[in-house]
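The values are calculated or read from the model by the stated rules, or taken from the named source; none is laboratory data. Quick caveat: nothing in here was measured; it's all calculated off a predicted structure. With ideal geometry, Cβ positions are generated from the backbone for all residues, glycine too; neighbour counts draw on all protein chains shown.
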Amino acid sequence: MAQVEGQQHPLGIYFKIWILLFVLSAASYMVDYLHFVGWLRWFLIIIFMLLKAGLIVAVFMHMVWERFALVYVVIVPPLLLIVFVGIGVLEADYTFFARDVFFSPNNFVIEAHH
Amino acid sequence: MTQTSHATTADSTELLRGTAGVIADWSSDQRAFKRVPWGKAMMWIFLVSDTFIFSCFLIGYMTVRVSTTDPWPNPSEVFALTMFGEKIPLILIAIMTFVLITSSGTMALAVNFGYRRNRKVTFILLLATALLGATFVGMQAFEWTKLITEEGVRPWANPLGAPQFGSVFFMITGFHGTHVSIGVLFLIIVAVKVLRGNMDDERPGFMTGRPQRYEMVETMGLYWHFVDLVWVFIFAFFYLW
């Protein structure tokens, strides 16, 4: 064959990313194993998650080597999900508040109305 | 030069890069996705839609978890296993994560050896990926059985706390497990096609009649890596939260 078809890259990069994914997975497991809590826990979980997702999409799914016409089609629409998450948080907080006020068995105000 | 796709070898012209390239590709009055076989472009479009499905599940999960006033069971304890006389937190899920990442690695290598036209190694790597995927599904079946029979968790009830835990758990892991199972089936199909030499001889496909090429392995790989990608988010949000 005169032409090499498709995405062809040296094997080394796959092994490097593979090892990195193992290290990141072990790190995110350690977050739980070592009982990190609060903001530190969330920060570490999100960082390790985004790094793993980024490495898989960029190298294993060959996104860094694709043309931007395809990259934008894949990457841009999911950004809308951030808005969706925001709406979900607002709605959930409101529902929690309403449940706490109206359905909590310890709420004496509700008892007084009965 | 090394990235020219077989399907578009006719483009010998140099393509523009960066933002100018995006505009040129989309306004070219031809195919928008240059140097990408259509099967791969369509797989990407499908994966974007699947991203939204899984995102809806995860955002729905976040909403019910934040809004419930019942206590949420601690996944670290629920998915702990007693190994070597010691209770190790979340160990089952950690092993499942490593199995899936290993399978992603073998898949990436399979794609690479496919393009090298190494029929046998590609077949073995695809089969290894399928076996690791089946192992993952098997461990998930074990996890479900434990939760259903020992803990009494149901999609509509949960003796450990918030009933939403049961609904969300079976919904999200079930949908992901289905994706893995379908992936295993397709991996076996693609592996057999590779072994038979369908890609080397470019034999017409069973369904489409189009010549089969090693690009199929890459398209299969995109789906498999996506399944691993979804697990990254499920692991972070469901098991580590």
Given (1) surrounded by 17 or more Cβ atoms within 10 Å (Cβ to Cβ); (2) within 13 Å of chain A (Cβ to nearest Cβ); (3) not in a helix (DSSP H, G or I), index of the condition B:R117 fails: (1)
Do any residues in region B:143-157 that are hydrophobic (A, V, I, L, M, F, W, C) have Cβ atoms under 9 Å from those of residues that are part of a strand (DSSP E or B) and surrounded by 14 or more Cβ atoms within 10 Å (Cβ to Cβ), where the two are at least six apart or on different chains, and which pairs are they? B:I148/B:R154
Condition set buried (at least 19 other Cβ atoms within 10 Å of the Cβ) and β-branched (V, I, T), scope region B:174-208, selection nearest to B:T219 (Cα to Cα): answer is B:V190
Qualifying positions in region B:214-234 - within 7 Å of another protein chain (Cβ to nearest Cβ), farther than 14 Å from B:I182 by Cα and touching a helix residue (DSSP H, G or I) at 6+ places or on another chain (Cβ under 6 Å): B:Y214, B:E218, B:L229, B:V232
Hey, B:V111 β-branched (V, I, T), more than 19 Å from the chain's Cα centre (by Cα), in a helix (DSSP H, G or I) and buried (at least 16 other Cβ atoms within 10 Å of the Cβ) or not: no
So, in region B:52-74, of the ones that are of a type in the set (S, T, N, Q) and free of Cβ contacts under 8 Å to residues at least 40 places away in the same chain, which residue ends up farthest from the other protein chains (Cβ to nearest Cβ)? B:N74
So which pairs qualify, if the first residue must be in region B:75-97 and at positive phi and assigned by TED's automatic domain parsing to the domain that holds B:L131, the second must be part of a helix (DSSP H, G or I) and acidic (D, E), the Cβ gap must be under 6 Å, and the two must be at least 6 apart or on different chains? B:L90/A:D32
When every residue in region B:125-142 that is touching a residue at least 24 places away in the same chain (Cβ under 8 Å) and under 27 Å from B:R213 (Cβ atoms) is compared, the one surrounded by the most Cβ atoms within 10 Å (Cβ to Cβ) is B:L126
Matching residues in region B:1-40 - criterion: being assigned to a loop (DSSP other than H, G, I, E, B), at pLDDT below 85 and within 7 Å of another protein chain (Cβ to nearest Cβ): B:T2, B:Q3, B:T4, B:S5, B:T9
How many residues of region A:52-94 are over 30 Å from B:K34 (Cβ atoms) and out of contact with any Gly (no Cβ under 9 Å at 6 or more places or on another chain)? The answer is 11
When you check B:T122 against the structure, is it more than 10 Å from chain A (Cβ to nearest Cβ), buried (at least 22 other Cβ atoms within 10 Å of the Cβ), part of a helix (DSSP H, G or I) and not aromatic (F, W, Y), yes or no? yes
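When you go through A:L70, A:L21, A:L34, A:L11 one by one, which is the residue that is surrounded by fewer than 16 Cβ atoms within 10 Å (Cβ to Cβ), within 8 Å of another protein chain (Cβ to nearest Cβ) and not β-branched (V, I, T)?
Answer to the selection: A:L11.
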